[in-house]
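Throughout, read-outs are computed from the coordinates displayed, never taken from laboratory work. Since this is a predicted model, take the numbers as computed values, not measurements. Don't worry about glycine lacking a Cβ; one is built from the backbone with ideal geometry, like all the others, and counts go over all protein chains shown.
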Amino acid sequence: MVTKNQHIPLSPIKRIEDQPGYRSVYFSRPKNFEFHAGDWMDIHFENLELIGGITYSFSSSPTEAYLRISFREGISEFKKALQSLTPDQQLYISQYGNDYDFQLKKNQSSVLIAGGVGIAPFRSMIKEMYDNKGKNEVTLIYLNQNENFLFRDELDVWSNNLPNVNLHYISTKELNRKKREKRILSLVKNPHQNFYISGPPGMVDSNEHLLLDSGVHVKDIRIDSFGGY
Ligand SMILES: Cc1cc2nc3c(=O)[nH]c(=O)nc-3n(C[C@H](O)[C@H](O)[C@H](O)COP(=O)(O)OP(=O)(O)OC[C@H]3O[C@@H](n4cnc5c(N)ncnc54)[C@H](O)[C@@H]3O)c2cc1C
């Protein structure tokens, strides 16, 4: 569900470069602010109208004390402002939540397919499972253009402590489409699971079609399409 027409103050704590080309911004968590792993928020600068994408998945988990977004560096006015954000600046959330039930279902098995920074909502989900000792069966298929997988170190630590979570990192640089699709399908043993796809629109569309063509039912596929890339 999306909670709309809000004006929830958002104070930056810090910004970091996760790795070259990727950044995160941490915000203080507003008092009593609850969200689900998989949710996104629309954020704005107080008294500033800037051009650019304003929707960001929470890369932090509901179990963490702060809110965090993670994004690819960009050139839009909004991205530039995020990239030079200072703690004295004030932002606000206008809406948050998610439209497509983009949340892990308890006691069901799930396949998460991330493309690049599309890993953000899945970091939130897996961190929440780690903190709550979750037992869900989860297969993460993480596609990236090179070997620099965002959050890899912490994902590995968490999954080592979660016997039902399996991670597969696929660098797509050396793979043509056919090989990439073959690799993905080899990891999808059972079409009767919950599938979640997150990343740039082209990646989301192609993987959604791949799953549909392989017999996955449309009702079992949930997407988070990062428009703007
Ligand atoms: C539900 C949802 C969740 C989302 N979650 C996230 C998230 O967690 N993280 C995230 O990053 N985005 C997320 N997005 C997308 C986000 O809202 C922005 O649309 C996206 O980050 C692009 O930002 P931007 O339009 O400000 O432009 P920019 O990032 O500045 O990009 C604008 C255009 O310029 C290109 N570009 C960028 N840098 C360069 C360069 N150096 N040289 C040449 N061209 C360049 C880009 O490819 C793009 O075509 C989400 C979107 C939705 C709908």
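Output ³J(HN,Hα) for segment 92-104: one whole-Hz value per residue in order, computed from phi by the Karplus curve 6.51 cos²θ - 1.76 cosθ + 1.60 with θ = phi - 60°, and x for Gly and Pro.
With the stated coefficients, segment 92-104 comes to 8, 9, 9, 7, 7, x, 7, 8, 10, 6, 7, 9, 5 Hz.
Please give me the summed charge of the neighbours of GLU73: other residues whose Cβ is under 10 Å from its Cβ, Lys and Arg +1, Asp and Glu -1.
Details: positive: ARG23, ARG72, LYS79, LYS80; negative: GLU17.
The answer is +3.
Farthest toward the dipole's positive end in the chain, which of ASN47, VAL138, PHE78, given Cβ charges of +1 (Lys, Arg) and -1 (Asp, Glu) about the Cα centre?
VAL138
When only DSSP loop residues count, what trypsin sites (Lys or Arg not before Pro) in segment 128-159 have their Cβ near at most 13 other Cβ atoms within 10 Å? Could you put the intermediate results ahead of the total?
Working: sites: LYS133, LYS135, ARG152; in loops: LYS133, LYS135.
In loop regions of segment 128-159 (DSSP not H, G, I, E or B), the sparsely surrounded trypsin sites (Lys or Arg not before Pro) are LYS133, LYS135.
So what are the ³J(HN,Hα) numbers for segment 75-88, from phi and the Karplus equation (6.51, -1.76, 1.60; θ = phi - 60°), rounded to whole Hz, Gly and Pro as x?
These are the phi-based 3J(HN,Hα) values: 10, 5, 4, 5, 4, 4, 5, 5, 6, 10, 4, 10, x, 7 Hz.
All other residues with a Cβ under 13 Å from the Cβ of SER198 taken together, and with Lys, Arg as +1 and Asp, Glu as -1, what is their net charge?
So the surrounding residues net to -2.
Give me the aspartates and glutamates in straight-line cross-link reach of LYS127: C-alpha distance below 13 Å, same-chain residues under 8 apart excluded.
Answer for LYS127, where 13 Å is the Cα cut-off: GLU64, ASP153, GLU154, ASP156, listed by chain and number.
Please report Rg over Rh for the chain, where both radii come from the alpha carbon positions and Rh follows the Kirkwood definition.
Values: Rg = 17.2 Å, Rh = 18.0 Å.
Rounded to two decimals, Rg over Rh is 0.96.
With only Lys, Arg, Asp and Glu charged, each at its Cβ (+1 for the first two, -1 for the last two), find how big the charge dipole of the chain is about the Cα centre; round to the nearest 20 debye. Walk me through the intermediate numbers first.
Working: 27 positive and 27 negative charges, 109 e Å.
Dipole magnitude for the chain comes out near 520 debye.
Step through the residues of segment 211-223 one at a time and calculate ³J(HN,Hα) from phi using the Karplus curve (6.51 cos²θ - 1.76 cosθ + 1.60, θ = phi - 60°), rounding each to whole Hz and writing x for Gly and Pro.
So the J values, rounded to whole Hz, are 5, 4, 5, 8, x, 6, 7, 4, 5, 8, 10, 10, 10.
With a 10 Å cut-off between alpha carbons and a GNM built on the chain, which of LEU85, LEU104, LEU150 moves the most?
Maximum among the listed residues: LEU85.
Mind checking which lysines have their Cα closer than 20 Å to the Cα of LYS182? Skip sequence neighbours fewer than 8 apart in that chain.
LYS173
Neighbouring Cβ atoms within 10 Å as the yardstick, rank THR172, THR86 fewest first.
With the sparsest Cβ surroundings first, the list reads THR86, THR172.
Considering only the other residues whose Cβ falls under 12 Å of the Cβ of ILE170, what net charge follows from Lys and Arg at +1 and Asp and Glu at -1? If you can, show how the numbers build up before the last one.
Values: positive: LYS173, LYS179, ARG180, LYS182, ARG183; negative: GLU147, GLU174, GLU181.
After counting each charged neighbour, the total is +2.
Given 20 °C and 1.002 mPa s, how large is the Stokes-Einstein diffusion coefficient of segment 66-136 in µm²/s, with Rh as the Kirkwood radius over Cα pairs? All intermediate terms of the calculation are to be shown ahead of the outcome.
Details: Rh = 15.0 Å.
Value of D from the Cα-based Kirkwood radius: 143 µm²/s.
Less than 20 Å apart at the alpha-carbon level, and either on another chain or at least 8 residues along: which lysines does that give for LYS80?
Within the straight-line limit of under 20 Å, LYS80 reaches these lysines: LYS14.
Defining a contact as two alpha carbons under 8 Å apart and six or more residues distant in sequence, what relative contact order in percent does segment 110-225 show? Intermediate results must be reported in sequence, preceding the final value.
On the way: 177 pairs, mean separation 37.0, N = 116.
About 32 percent, as a whole number.
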